[in-house]
Amino acid sequence: MTIPVFRFAPSPNGFLHLGHAASALLNARLAAEAGGRFLLRIEDIDTTRCRPEFEAAIQEDLAWLGLNWEEPVMRQSERLRCYRQSLDRLEERGLLYPCFCSRKEISADARPGERDPDGAPLYTGRCRGMPHRAAEAGKTAGQPFMLRLAMDRALAEIDGPISWSEGSQGGGIRTITGEPAHWGDVVLMRKEFPASYHLAVVIDDAAQGVTDVVRGEDLFPSTAVHRLLQALLGLPEPRYRHHGLIRNPSGEKLSKSAQSPSLRDLRAGGATPDDIRRLVQDLLPT
Ligand code: GLU
């Protein structure tokens, strides 16, 4: 039997809050209960927002909470060649196309009310039909571009629907059928850095042998894209479990922008790791 592998994969773009603590503690507990491994992965490809001092703070906060993880810690910023190789494989199969659009153009083109599951304007495909020569000329002229997945072509390569096993707190398992097309032609390489979250996460989960992806329910809709990419790249299918989110009193999910207190704030206010564990247990929706 393979040993279960769980991971906590924060982005070092701020200090951890109670929601992160909940996810990390849940992963570590499930790993311990299953006699499995618990990994930490630093998702720092977004160089515009991630900073090494936040990574150091993440490791310090998790250690303060009493968590142990395996070394070495994987850092996405050190894995850009792996992402490039997968992009090359998809590109050779004609599944990607360059997109030169600005945010403004994407918003202006979007049909009213048509948004992706994250709430961003749905891309209408302005660059999808661009002649190869024009695209090459744009690249040669140094115009910044993203790489998008041609969703219709990608889906045509897949046999049958996109689905996954979704676990729950009570131990039940459901099969979920996802609709990656709701995301439109998703971005797999960003203009500013050489991968997108969707691409990096599936490659890294496979590279680390992650068998159980346990993360917040805000990422539930992304799983359809992740399963599609796994199918296209021939990667193994992990089990998934999306847990509820801790929200602030007005119902927003915790975040730096919502001014949620960080673990450091709570600690400075006198909270102990046991207090955090209790809080998380009380607040995490089932
Ligand atoms: N890095 C992502 C985040 O901080 C989590 C990715 C994942 O668990 O799949 O929201």
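Worth pointing out:
- The numbered conditions (1) modelled with pLDDT of 95 or more; (2) farther than 30 Å from GLY270 by Cβ; (3) open to solvent by 20 Å² or more (accessible area, probe 1.4 Å) are all true for ALA63 except (2).
- Contact annotation: residue pairs with Cβ atoms under 7 Å, 6 or more positions apart or on different chains, pairing a residue in the stretch 214-236 that is farther than 17 Å from ASP204 by Cβ and within 13 Å of the ligand (Cβ to nearest atom) with a partner that is open to solvent by 50 Å² or more (accessible area, probe 1.4 Å) and not charged (D, E, K, R), are PRO221/PRO117.
- Pairs with Cβ under 6 Å, 6+ apart, first in the stretch 1-26 and aromatic (Phe, Trp, Tyr), second within 13 Å of the ligand (Cβ to nearest atom) and part of a loop (DSSP other than H, G, I, E, B): none
- The stretch 129-150, subset assigned to a helix (DSSP H, G or I) and under 11 Å from TYR97 (Cβ atoms), residue least open to solvent (accessible area, probe 1.4 Å): ALA135
- Residue satisfying condition, being within 11 Å of the ligand (Cβ to nearest atom) and open to solvent by 60 Å² or more (accessible area, probe 1.4 Å), within set TYR197, TYR240: TYR197
- Condition check for GLN59: away from the ligand (no atom under 13 Å from the Cβ) and more than 29 Å from SER257 (Cα to Cα): no
- From the list THR175, THR223, the lone residue that is assigned to a helix (DSSP H, G or I) and among the hydroxyl-bearing types (Ser, Thr, Tyr) is THR223.
- Residue match in the stretch 89-107 (condition: β-branched (Val, Ile, Thr) and either in a helix (DSSP H, G or I) or in contact with a Cys (Cβ under 7 Å, 6 or more places away or on another chain) (or both)): yes
- Some residue of the stretch 80-96 being surrounded by 16 or more Cβ atoms within 10 Å (Cβ to Cβ) and over 22 Å from the mean Cα position of the chain (by Cα): no
- Taken over the stretch 249-275, the criterion of being touching a residue at least 40 places away in the same chain (Cβ under 8 Å) and hydroxyl-bearing (Ser, Thr, Tyr) is satisfied by SER255, SER260, SER262.
- Test: residue in the stretch 248-264 that is open to solvent by 60 Å² or more (accessible area, probe 1.4 Å), closer than 24 Å to ASP61 by Cα and modelled with pLDDT of 95 or more: yes
- Filter pass, THR48 being surrounded by fewer than 20 Cβ atoms within 10 Å (Cβ to Cβ), under 18 Å from the mean Cα position of the chain (by Cα), touching a residue at least 40 places away in the same chain (Cβ under 8 Å) and away from the ligand (no atom under 14 Å from the Cβ): yes
- You will find that of SER77, SER23, the residue that is open to solvent by 20 Å² or more (accessible area, probe 1.4 Å) and either assigned to a strand (DSSP E or B) or of a type in the set (Ser, Thr, Tyr) (or both) is SER77 and no other.
- Residue-level analysis places VAL225 outside the set of residues that are more than 29 Å from TYR83 (Cβ to Cβ) and open to solvent by less than 60 Å² (accessible area, probe 1.4 Å).
The values are calculated or read from the model by the stated rules, or taken from the named source; none is laboratory data. Bear in mind that the values here come from a model prediction, so they are computed numbers and not experimental data. Counting neighbours? That spans all protein chains shown, and the Cβs are built from the backbone with ideal geometry, glycine included. Accessible surface areas use protein heavy atoms only, side chains included; no ligands, DNA or RNA. Shrake-Rupley method; radii C 1.70, N 1.55, O 1.52, S 1.80 Å.
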